[in-house]
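Some notes on the structure that comes next.
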Amino acid sequence: MRSGLDELVDFADRLEPFTEFSGPVHDLPVDSGPLDYFKLFFPDSVLNMIVEETNRYAEQQQEAKGAEDVYWKPATLADIRKYIYTLITFGHHQVPELSLIWSSDPYWRVPAIADIWGRQRYQKIHQYFHLADSSHQPGRNDEGYDPLYKVRPLLDHIRNVCSSVYKRKQNSSVYTGKTATQPEHGLGHQVVTSMMANHLEKNHAVHFDNFFTSVKLAEDLLKEKTTCCGTIRTNRKGWPLPSSKQKPGEVRMRQKGRMVAVQWTDKRQVNILSTNADPKMVTVERRTKAGVVQVQVPKPVVQYNKAMFGVDLNDQNRSYYPVGRPGTKWWRYLFNYLVQISIINAFILMKRARPDDSRTSASQNHLVFRTHLVKALVAVTEPDQPARRAPDVPSLQGSSSPYSPSHSLGKMPGRKRRCFQCAQDGVKMASGRTRETTSGCHLCNVHLHAGECYAKFHSSLKN
């Protein structure tokens, strides 16, 4: 990448301007609320599709087992609204055990969920919740195999909506992890070029981390009138700077045309390849214990940090208020992720539409937006009539109780084992096996289901 020149040459002022329209593209009125923006991504047509697939899967499962699920009744649009409401609310009210949400102990009970529907109805919707017809899923070795089949309908819908309701600004950021496959020029090259396929030759600027960055990618993007900036691994082919250590503040730069390689050490060494920032130093202010100080930083480093801030902010928003609870089915994680992304994007659209609102309003505060959204979601549904609450963990208050506070319900070590109380009462599953659970009483060292089994077992200790 050595240019053969003794000095580095500025070029950013000669970059072609970005003239494409960018920003929100929708016809919602200015006074639209959080639910209106969320429904851009999750309209009733999508919810009805989920209703249909959930009911289909419930029928398939009962046919496969040859037994009717007596606790199941077909899902409705209101059920799916309440289910999504519940997944979002999990991030606002986190409890160690799911059953505690419906607890009779006010310390644990979560009225925001428990007053909306009973535990059994939630669990049944969760059990059969589905997004695609499993009976048509191609096998791993079959033609048309799709590892994302279970979420494909919703995934494609969300991707299309994201492209249609918001036109990208000049700067875009790419951020993802590794996979096992390696295409011709590497997975990073493939991800970026496929993502930008419909946005080339428009003078976009793409920013990414060191998993994606390569000299080859920068060259290919430049040919398509697209610039880039990203951290880079020093062992990438064509990288011109050494991997030797530097003193703090030391900088090395190399240039070839519009490609600028930067190696700069602050607290640690940073290596950046850029085609959209001049090879020069700029002054930035930095807060320290001693106060505000001015620091000389390479312009490509400043450009990269500014662009990638949005990625970090998105990660923060997702981590502060998670959707759903941990589970074992990978595709449910993707569904929760799509709900989360839809909420964040809906918030961004509303924020852009109403920039002059107060900082504590739903359009400017992420948590307030989410609160208004879930309240609006459940406002269009009816609570279970009558509100049914499954028997739950008894309050362990008071020393006169035969099961003192030293008794506690929690997850037992090891695998699932049969519930002691179910075995005593002869309660079995459709297969004829005794019901099993991972929860139980630690003091008694007995596996018990939360709720009625736990209460009945300990009540028997009085006799």
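The set of residues in the stretch 87-146 that are over 26 Å from Glu59 (Cβ atoms), surrounded by fewer than 14 Cβ atoms within 10 Å (Cβ to Cβ) and acidic (Asp, Glu) comprises Asp105, Glu143. Residues considered: Val215, Val262. Of these, the only one that is assigned by TED's automatic domain parsing to the domain that holds Gln303, among the β-branched types (Val, Ile, Thr) and buried (at least 19 other Cβ atoms within 10 Å of the Cβ) is Val262.
Going by the conditions given, is Glu224 surrounded by fewer than 18 Cβ atoms within 10 Å (Cβ to Cβ) and at negative phi? Yes: the conditions hold for Glu224.
When you scan the stretch 170-179, do you find a residue that is closer than 23 Å to Ser274 by Cβ, surrounded by fewer than 18 Cβ atoms within 10 Å (Cβ to Cβ), in the same structural domain as Arg258 (by TED's automatic domain parsing) and at pLDDT 55 or above, even just one? No, because not a single residue in the stretch 170-179 is closer than 23 Å to Ser274 by Cβ, surrounded by fewer than 18 Cβ atoms within 10 Å (Cβ to Cβ), in the same structural domain as Arg258 (by TED's automatic domain parsing) and at pLDDT 55 or above.
The one condition from (1) farther than 18 Å from Gln340 by Cβ; (2) of a type outside the set (Ser, Thr, Tyr); (3) touching a Pro at 6+ places or on another chain (Cβ under 8 Å); (4) at pLDDT below 95 that Phe90 does not meet is (1). For the stretch 99-135, the tally of residues that are assigned to a helix (DSSP H, G or I) and either at pLDDT below 90 or of a type in the set (Ser, Thr, Tyr) (or both) stands at 5.
When each of Ala390, Ala362 is tested for being closer than 17 Å to Tyr320 by Cβ, assigned to a loop (DSSP other than H, G, I, E, B), of a type outside the set (Val, Ile, Thr) and modelled with pLDDT under 80, the lone residue that passes is Ala362.
Within the stretch 231-253, the residues that satisfy the criterion of being small (Gly, Ala, Ser) and over 11 Å from Val215 (Cβ atoms) are Ser243, Ser244, Gly249. Considering only residues that are buried (at least 19 other Cβ atoms within 10 Å of the Cβ) and aliphatic (A, V, I, L, M), look in the stretch 438-454 and name the one that is modelled with the lowest pLDDT. So the residue we want is Ala450. Here Cys419 passes the criteria (1) at pLDDT 80 or above; (2) surrounded by fewer than 18 Cβ atoms within 10 Å (Cβ to Cβ) except the one numbered (2).
Only one of the numbered conditions (1) closer than 16 Å to Thr234 by Cβ; (2) in contact with a strand residue (DSSP E or B) (Cβ under 8 Å, 6 or more places away or on another chain); (3) not hydrophobic (A, V, I, L, M, F, W, C) is not met by Thr283, and that is (1). Between Tyr337, Tyr403, which is at pLDDT 85 or above and either surrounded by 15 or more Cβ atoms within 10 Å (Cβ to Cβ) or touching a Gly at 6+ places or on another chain (Cβ under 6 Å) (or both)? The conditions single out Tyr337. List the residue pairs whose Cβ atoms are under 8 Å apart, where the first residue sits in the stretch 406-421 and is closer than 13 Å to Ala450 by Cβ and assigned to a loop (DSSP other than H, G, I, E, B), the second is modelled with pLDDT of 80 or more and among the acidic types (Asp, Glu), and the two are 6 or more positions apart or on different chains. That search, which allows pairs on different chains as well, returns Cys419/Glu436.
Looking at Glu63, Glu68, just one residue is in the same structural domain as Leu47 (by TED's automatic domain parsing), under 23 Å from Ser135 (Cα atoms) and modelled with pLDDT of 90 or more, and that residue is Glu63.
The values are calculated or read from the model by the stated rules, or taken from the named source; none is laboratory data. Please read all numbers here as calculations on a predicted model, not as lab measurements. As a convention, Cβ positions derive from the backbone with ideal geometry for all residues, glycine included, and neighbour counts pool all protein chains shown.
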